[in-house]
Amino acid sequence: MSKLKTVLQQPGVVAATHSGTFHADDVLAAAAMRLANPSVTILRSRDADRLNAADILFDVGRVFNPATCRFDHHQLEYSEARENGIPYSSFGLVWRELGDILCDSPAAASRVDVSLVQGVDAVDCGVTISKEPVSVKLMSISAVLGSFNNGWQDVTPPEAMNDAFEQAVGVAKAVLQNSIREANGFEKAKAVVEQGEILESGRLLLLEHGVPWKETVLEARKYDQLLYVIFPDAQNKWHVSCVPDKAGGYTNRKSLPLAWAGLDGEELDKVTGIKGCVFCHRARFVGGHTTKDGAIAMVRLALQA
């Protein structure tokens with residue numbers, strides 16, 4: 001067990017960071033520690049004696065030493081970075097210590113690192129990940145959390161910054177909890193997908209639960225011939241989904257028949273000859289039926305088209 005995990009289990013533990021303007025990395029690092037120990041005290045200060053007396057020091061102090069729970073990344077000699085070149089900010093350093101105990105598995109912790117932590121670390125360390133369109137500025141989680149700081153036009157007492165920081169930590173905690181829940185769900189979904197029944201000579205995958213399936217399907221060679229996936233939704237209707245040709249892509253290995261496009265209910269029943277059809281999206285990447293057997297019949301018809 002890492003020293004940070006051990007220290008966070010102690011009563012009355014104090015984690016300190018800098019006062020003044022805050023950024024997403026120190027806010028989310030504090031949120032991660034609050035998830036590990038809701039009673040941890042977060043001290044914000046510029047007083048060296050108060051900072052050095054803390055059990056944990058993050059994003060300040062110019063020392064990185066996990067053995068003494070010091071997690072700063074501003075010193076010249078600092079060189080902690082991932083294999084892809086993205087450095088660790090204070091959030092990344094704390095997440096590297098706590099991620100596996102906050103998630104159900106190391107794989108889920110790694111997924112959170114990719115989906116949330118690395119982006120925050122990159123912004124804080126000045127690493128450009130992607131270029132935005134000139135006419136559109138996407139609001140990142142770093143921008144959202146940074147917006148809790150006072151603006152130049154705001155006239156507020158210094159102590160108000162601590163209140164703003166706590167507000168930001170509350171939002172960050174919710175975002176982090178959602179990211180953890182989603183990552184755990186994705187990892188558990190893999191097992192559900194792998195237990196699914198493969199029909200129609202490898203071209204149809206039947207799932208008994210509606211779970212995220214695309215990543216698992218597109219990464220595994222055993223699904224190379226797969227064209228359609230059937231699964232139930234929350235209303236007990238059965239979706240017929242086309243397998244995309246690549247992750248994040250909008251073209252399919254085989255779309256649903258053109259004659260079905262944009263039809264629903266009885267109109268779709270007439271075209272397919274199958275009663276109980278619900279709909280077919282006009283882009284032909286998904287359709288639906290009221291029953292599992294009906295959804296399978298739709299797939300078999302689509303395979304012949």
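Computed values, structure above
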{"quantity": "Matching option when the condition is surrounded by fewer than 20 Cβ atoms within 10 Å (Cβ to Cβ), at positive phi, more than 27 Å from the chain's Cα centre (by Cα) and outside any helix (DSSP H, G or I), among Gly85, Gly12", "calculated": "Gly12"}
{"quantity": "Residues within the range 141-165 that are charged (D, E, K, R), part of a helix (DSSP H, G or I) and at pLDDT below 90, tallied", "calculated": "1"}
{"quantity": "Filtered residues of the range 100-143 (kept if under 13 Å from Ala183 (Cα atoms), without any contact (Cβ under 8 Å) to a residue 40 or more places away in the chain and in contact with an Asp or Glu (Cβ under 7 Å, 6 or more places away or on another chain))", "calculated": "Pro106"}
{"quantity": "Subset of the range 260-296 [assigned to a helix (DSSP H, G or I), of a type in the set (A, V, I, L, M, F, W, C) and surrounded by fewer than 19 Cβ atoms within 10 Å (Cβ to Cβ)]", "calculated": "Val271"}
{"quantity": "Within the range 224-252, tally of residues that are at pLDDT 95 or above, under 24 Å from Thr291 (Cα atoms) and outside any strand (DSSP E or B)", "calculated": "3"}
{"quantity": "Val175 being β-branched (Val, Ile, Thr), within 30 Å of Val123 (Cβ to Cβ), surrounded by 15 or more Cβ atoms within 10 Å (Cβ to Cβ) and assigned by TED's automatic domain parsing to the domain that holds Ile42", "calculated": "yes"}
{"quantity": "Search result, residues across the range 244-259 that are among the charged types (D, E, K, R) and surrounded by fewer than 12 Cβ atoms within 10 Å (Cβ to Cβ)", "calculated": "Lys246"}
{"quantity": "Single unsatisfied condition, Leu93 versus (1) assigned to a helix (DSSP H, G or I); (2) touching a residue at least 60 places away in the same chain (Cβ under 8 Å); (3) closer than 23 Å to Ala164 by Cβ; (4) in contact with a strand residue (DSSP E or B) (Cβ under 8 Å, 6 or more places away or on another chain)", "calculated": "(3)"}
{"quantity": "Any pair with Cβ under 7 angstrom, 6 or more apart, that starts in the range 281-304 at a residue that is farther than 18 Å from Glu200 by Cβ and in contact (Cβ under 8 Å) with a residue 12 or more places away in the chain and ends at one that is aliphatic (A, V, I, L, M) and assigned to a loop (DSSP other than H, G, I, E, B)", "calculated": "Arg282/Ala261; Arg284/Leu256; Arg284/Ala261"}
{"quantity": "The range 148-160 residues that are within 10 Å of Gly20 (Cα to Cα) and in contact (Cβ under 8 Å) with a residue 40 or more places away in the chain, paired with ones that are in a helix (DSSP H, G or I) and of a type outside the set (Asp, Glu) (beta carbon under 9 Å, 6 or more apart)", "calculated": "Asn149/Met161; Asn149/Ala164; Asn149/Phe165; Asn149/Ala168"}
{"quantity": "Close pairs (6 angstrom Cβ cut-off, 6 or more residues apart or separate chains): without any contact (Cβ under 8 Å) to a residue 12 or more places away in the chain in the range 33-54, crowded, with 18+ Cβ neighbours inside 10 Å and of a type outside the set (Asp, Glu) anywhere", "calculated": "none"}
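The values are calculated or read from the model by the stated rules, or taken from the named source; none is laboratory data. Worth saying up front: this structure is predicted, and the values here are computed from it rather than measured. Positions of Cβ are backbone-derived with ideal geometry, glycine not excepted, and every protein chain shown enters the neighbour counts.
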